[in-house]
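One structure is given here, and the rest of the page talks about it.
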Amino acid sequence: MATETGLSARSIREATQARIAKRYAAERRFRAYGIAAILFGLVFLVALFATIFMRGYTAFLQSAFTLPVHLDQGAFGASSPPSENDILMADYTKLANRALFQVLGVDPGNRQDAKAAAVLLSAHADTRIRNAVQADPSLIGKTIELDLLAHGNVDTFMKGHFDRSVPEGRRQLSDKQLAWLDKAAASGQLAKHFNTGLFTYGASSKPETAGVGVALAGSLYMMLIVLLVAVPLGVAAAVYLEEFAPKNLLTDAIEVNINNLAAVPSIVFGLLGLAIFINFVGLPRSAALVGGLVLALMTLPTIIIATRAAVAAVPPSIREAALGVGASKMQSITHHVLPLAVPGILTGTIIGLAKALGETAPLLMIGMVAFVVDFPKTPLDASTALPVQIFMWATAAERGFVERTAGATLILLAFLICMNVTAVILRRRYERRW
């Protein structure tokens, strides 16, 4: 009998240990699956960022010819000193071509060679010379050294994206042009420089003169409008719903709709903006004001939800203490609750702004795909936004716009990362645990 009891206890103990070991093994497997899923996602994330970086970092470099440009007095008319109109109307393209022919050793009398060499310069070269002369008219009659942008095909060649093995008839550059470029690169008169134009130029049909400057200005205007419109309205709505609104069917319906609006596709807000702000109110298309108002509507639910959560997280004892010393309900909220909820409000606001900064679909619906060259002076001027500029470049056929697309994506990602890091830092710095 004792033997049977001992065997029974031993078998129960062994069965229990086996079940425990099985649970531990299942837990280890589950943990391994989770780690594998995280690593799987990180691999694709790293691959995505690496691909964008490898395609886009060359956009921050631009090929240019360093040429000795002789500002011949005869090119500016007979009057001395030349008038402003003479300076404006001078043939700067001829001056640029003359300097290029001198560097490449091209005979200007050979029309075929001269034409083949002239296309190696960007159409922006004449503007660069004119700006230099307008800034300092005393340069007329002198020889100055200027960095003039190379054509997009030359830039592609300098960045190693040009295949020499392709038959000459199917290439953008002939063998003779390649020989000239090799000569200029070997002498240091053709080189890559940091592309400041990527941040200062607007829209252009030529990749070498295309930049995100106008798009950045439009995005800045829109973010300011979102900040001025969505944040006060969102915070006020959240405080009212959390602290003052009675609990009834109406407020329940409002809360449900706010939560639903946070999940509505962004293009729906674009349709709403098109119907209200453009068709009904009559605001101009492609204006940063319209884009900012549309993005403000889209950001409002995010700010309201984040603010309500931050306000609700403040302990009731804070409110009760304020009321106990004679403060009104409004004073207890404005002097005590809201200051303590600021970290959560800031986090929600910055995350909402980051989300709005990366939106494209609603801006396409309100016509912010215009070809805008000049910087907008007011929010009512025509402009575009950074995500829309990326979309427009992605649809362009030229090889130079491929790197521009990836380069602009890197700029957008840098802004988004900075905004999210700022949100994390502010929350950790000012957050209080109750």
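The values are calculated or read from the model by the stated rules, or taken from the named source; none is laboratory data. Since we're looking at a predicted model, the values are computed, not measured. All Cβ positions, glycine included, derive from the backbone under ideal geometry; neighbour counts span all protein chains shown. When the accessible area is computed, the model is the full protein with side chains, heavy atoms only, and any ligands, DNA or RNA have been set aside. Shrake-Rupley method; radii C 1.70, N 1.55, O 1.52, S 1.80 Å.
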Spot the failing condition for LEU228; the list is (1) part of a helix (DSSP H, G or I); (2) within 18 Å of the chain's Cα centre (by Cα); (3) free of Cβ contacts under 8 Å to residues at least 40 places away in the same chain, and only one is missed.
-> (2)
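For the stretch 183-196, give me each residue that is surrounded by 20 or more Cβ atoms within 10 Å (Cβ to Cβ) and under 26 Å from PHE371 (Cβ atoms). Full working, then the answer.
Narrowing the stretch 183-196 to residues surrounded by 20 or more Cβ atoms within 10 Å (Cβ to Cβ): 184, 190, 195.
ASN195, the sole residue that qualifies.
I'd like the residue in the stretch 239-260 that is among the β-branched types (Val, Ile, Thr) and touching a residue at least 12 places away in the same chain (Cβ under 8 Å) and, out of all such residues, is nearest to ILE305 (Cα to Cα).
Of the stretch 239-260, the ones among the β-branched types (Val, Ile, Thr) are 239, 251, 254, 256, 258.
Now drop any that are not touching a residue at least 12 places away in the same chain (Cβ under 8 Å), which leaves 239, 254, 258.
Values: VAL239: 10, ILE254: 12, ILE258: 8 Å.
Checking each candidate, the answer is ILE258.
Scan the stretch 150-181 for residues that are outside any helix (DSSP H, G or I) and within 19 Å of VAL106 (Cα to Cα) and report the count. Full working, then the answer.
The initial filter retains those residues of the stretch 150-181 that are outside any helix (DSSP H, G or I), namely 150-151, 159-167, 171-174.
Narrowing further to those that are within 19 Å of VAL106 (Cα to Cα): 150-151, 173-174.
Of the residues in the stretch 150-181, 4 are outside any helix (DSSP H, G or I) and within 19 Å of VAL106 (Cα to Cα).
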Just wondering, is there one or more residues in the stretch 41-55 that are among the hydroxyl-bearing types (Ser, Thr, Tyr) and open to solvent by 100 Å² or more (accessible area, probe 1.4 Å)?
-> no
Complete set of residues in the stretch 292-332 that are open to solvent by 40 Å² or more (accessible area, probe 1.4 Å), under 14 Å from GLU243 (Cβ atoms) and not basic (Lys, Arg) | ALA309, ALA312, ALA313, PRO316, ILE318, GLU320, LEU323, SER328, MET330, GLN331
With (1) more than 25 Å from the chain's Cα centre (by Cα); (2) without any contact (Cβ under 8 Å) to a residue 60 or more places away in the chain as the list, and ALA263 as the residue in question, which single condition is left unmet?
-> (1)
Tell me which residues, restricted to the stretch 126-164, are farther than 18 Å from VAL402 by Cα and free of Cβ contacts under 8 Å to residues at least 60 places away in the same chain.
-> ASP126, THR127, ARG128, ARG130, ASN131, ALA132, GLN134, ALA135, ASP136, PRO137, SER138, ARG164
Working only within the stretch 388-434, note down all residues that are assigned to a helix (DSSP H, G or I), touching a Ser or Thr at 6+ places or on another chain (Cβ under 7 Å) and basic (Lys, Arg).
-> ARG427
For THR395: the one exception among (1) of a type in the set (Val, Ile, Thr); (2) over 21 Å from LEU45 (Cα atoms); (3) in contact (Cβ under 8 Å) with a residue 60 or more places away in the chain = (3)
Just checking, how many residues over the stretch 197-222 are in a loop (DSSP other than H, G, I, E, B) and open to solvent by less than 20 Å² (accessible area, probe 1.4 Å)?
-> 5
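I'm trying to understand the selection: among the residues of the stretch 114-147, which are acidic (Asp, Glu) and closer than 17 Å to ALA90 by Cα? Walk me through it before giving the result.
So in the stretch 114-147, the residues acidic (Asp, Glu) come out as 126, 136, 145, 147.
The answer is ASP126, ASP136.
In this structure, is ALA179 buried (at least 18 other Cβ atoms within 10 Å of the Cβ) and small (Gly, Ala, Ser)?
In short, no.
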Which of (1) under 30 Å from LEU190 (Cα atoms); (2) exposed (fewer than 12 other Cβ atoms within 10 Å of the Cβ) is the odd one out, the single condition THR58 does not satisfy?
-> (2)
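Please specify each residue of the stretch 90-121 satisfying the condition of being of a type in the set (S, T, N, Q), in a helix (DSSP H, G or I) and surrounded by 12 or more Cβ atoms within 10 Å (Cβ to Cβ).
Quick first cut of the stretch 90-121, residues of a type in the set (S, T, N, Q) only: 93, 97, 102, 110, 112.
Then keep just the ones that are in a helix (DSSP H, G or I); that gives 93, 97, 102, 112.
THR93, ASN97, GLN102 - these are the residues of the stretch 90-121 that are of a type in the set (S, T, N, Q), in a helix (DSSP H, G or I) and surrounded by 12 or more Cβ atoms within 10 Å (Cβ to Cβ).
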If we keep only residues of the stretch 124-148 that are open to solvent by 30 Å² or more (accessible area, probe 1.4 Å) and not in a helix (DSSP H, G or I), then the residue nearest to SER83 (Cα to Cα) is ASP136
ILE87 fails exactly one of the following numbered conditions: (1) modelled with pLDDT under 85; (2) surrounded by fewer than 19 Cβ atoms within 10 Å (Cβ to Cβ); (3) in a loop (DSSP other than H, G, I, E, B). What is the number of that condition?
-> (3)
Considering residues that are surrounded by fewer than 17 Cβ atoms within 10 Å (Cβ to Cβ) and either within 20 Å of VAL311 (Cβ to Cβ) or of a type in the set (Gly, Ala, Ser) (or both), the number found within the stretch 223-237 is 3
Could you pull out the residue among ALA341, ALA327 that is without any contact (Cβ under 8 Å) to a residue 24 or more places away in the chain, closer than 22 Å to ALA236 by Cα and small (Gly, Ala, Ser)?
-> ALA327
May I ask you to list the residues in the stretch 379-419 that are among the hydroxyl-bearing types (Ser, Thr, Tyr) and open to solvent by less than 60 Å² (accessible area, probe 1.4 Å)?
-> SER383, THR384, THR405, THR409
